[in-house]
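The structure appears right after this line, and notes come after that.
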Ligand code: SF4
């Protein structure tokens, strides 16, 4: 009996360490799995597998274009702030225009801030295949402006109180999108739909020093911005932004908040992230990828085990039992209507560690 268990354990370890075998174990046909692995190797990206035909590697010029759009949005927002006569009015303008909302595409109510300048834990893989830049050429000036407003609003002390009713409204409004998603899949709509808020379909939990460094790179005068908003941005604690979300999640215990983060790589943010993850209504996925040294990945796995977090593997063979993202799997299998997150809900409830192929 004991030897059978040992053999099976060995077998499962063998399967997990081989990307093709892992993909096959998740229901991907062997020829497709082999193609996924070969493609990633050919490109030399730090990943075990990718979805052939769906990967758009991000070039330096694409990043430059993205940053110039974000810079433009900062200029526009700061000009608007300057046109308002008082600190109170500027703050109110930001808070009123901050948007937490769902769209037909996102289905779930979602919060977004500019990628990379809010991603202190970004890796080389993020630079090559940032998920938030996938629809890069479609980043409209309006979307760039929305993300900049969201980011600046999150610096304000009154952000949590102001956002609570907005999030409540947005999440309740998203219910109609979720019901429609069920109907489109031909599934019965549950009588009671879960209230779910997704954080950061673009961006991450930023640290204040990382943000300030980026603002300077973008040519934003941090002192002038501080004066306009009546706060000394440089004096805010490093984990300010994570703590804003802890306050919000505590005030909305009936809403499930979930997100993925690489900010666990920033030691100053870890205690606040643990606190966020320990709330009864949150799920925190620690994202890992092969651009990280193995000891760091191990650290994430240990953190997750210890504090009830989950692991999201990006393009890599998992080191813990993990499922292939349902939506991505169905896309690979060319299912006509892949199951969206709002219906799958594995991540919202942290039911499993998850693997995402690069796409
Ligand atoms: S596993 Fe499910 S909930 Fe998680 S990202 Fe994939 S489809 Fe969405």
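The values are calculated or read from the model by the stated rules, or taken from the named source; none is laboratory data. Every value quoted in this text rests on a predicted model; they were computed, and no experiment measured them. All Cβ positions, glycine included, derive from the backbone under ideal geometry; neighbour counts span all protein chains shown.
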Answer with yes or no whether residue 343 is surrounded by fewer than 22 Cβ atoms within 10 Å (Cβ to Cβ) and more than 10 Å from the ligand (Cβ to nearest atom).
-> no
Does region 310-340 hold any residues that are part of a helix (DSSP H, G or I) and more than 9 Å from the ligand (Cβ to nearest atom), and which are they?
-> 331, 332
Matching residues in region 52-66 - criterion: being in contact with a helix residue (DSSP H, G or I) (Cβ under 8 Å, 6 or more places away or on another chain) and either without any contact (Cβ under 8 Å) to a residue 12 or more places away in the chain or part of a helix (DSSP H, G or I) (or both) = 62, 63, 65, 66
So residue 350 clears everything in (1) near the ligand (Cβ under 7 Å from one of its atoms); (2) touching a residue at least 40 places away in the same chain (Cβ under 8 Å); (3) part of a loop (DSSP other than H, G, I, E, B) except one condition, right? Which one?
-> (1)
With respect to residue 79, is the statement that it is without any contact (Cβ under 8 Å) to a residue 12 or more places away in the chain and surrounded by 14 or more Cβ atoms within 10 Å (Cβ to Cβ) true?
-> no
What are the residue pairs meeting all of these: first residue in region 320-331, first residue over 16 Å from residue 289 (Cα atoms), second residue within 8 Å of the ligand (Cβ to nearest atom) and part of a helix (DSSP H, G or I), Cβ atoms under 8 Å, and 6 or more apart or on different chains?
-> 326/344; 327/341; 327/344
Residue that is touching a helix residue (DSSP H, G or I) at 6+ places or on another chain (Cβ under 9 Å), in a loop (DSSP other than H, G, I, E, B), free of Cβ contacts under 8 Å to residues at least 60 places away in the same chain and more than 16 Å from the ligand (Cβ to nearest atom), where the choices are 296, 275, 238 = 238
Matching helices (runs of 4 or more DSSP H) fully within region 115-184 where at least 2 residues are over 18 Å from residue 233 (Cβ atoms) and in contact with a helix residue (DSSP H, G or I) (Cβ under 8 Å, 6 or more places away or on another chain) | 141-153, 159-184
Which number in (1) under 19 Å from the mean Cα position of the chain (by Cα); (2) surrounded by fewer than 20 Cβ atoms within 10 Å (Cβ to Cβ); (3) farther than 22 Å from residue 257 by Cβ marks the one condition that residue 101 misses?
-> (3)
Residue identified as modelled with pLDDT of 95 or more and within 22 Å of residue 107 (Cα to Cα) among 232, 204, 221, 239 | 204
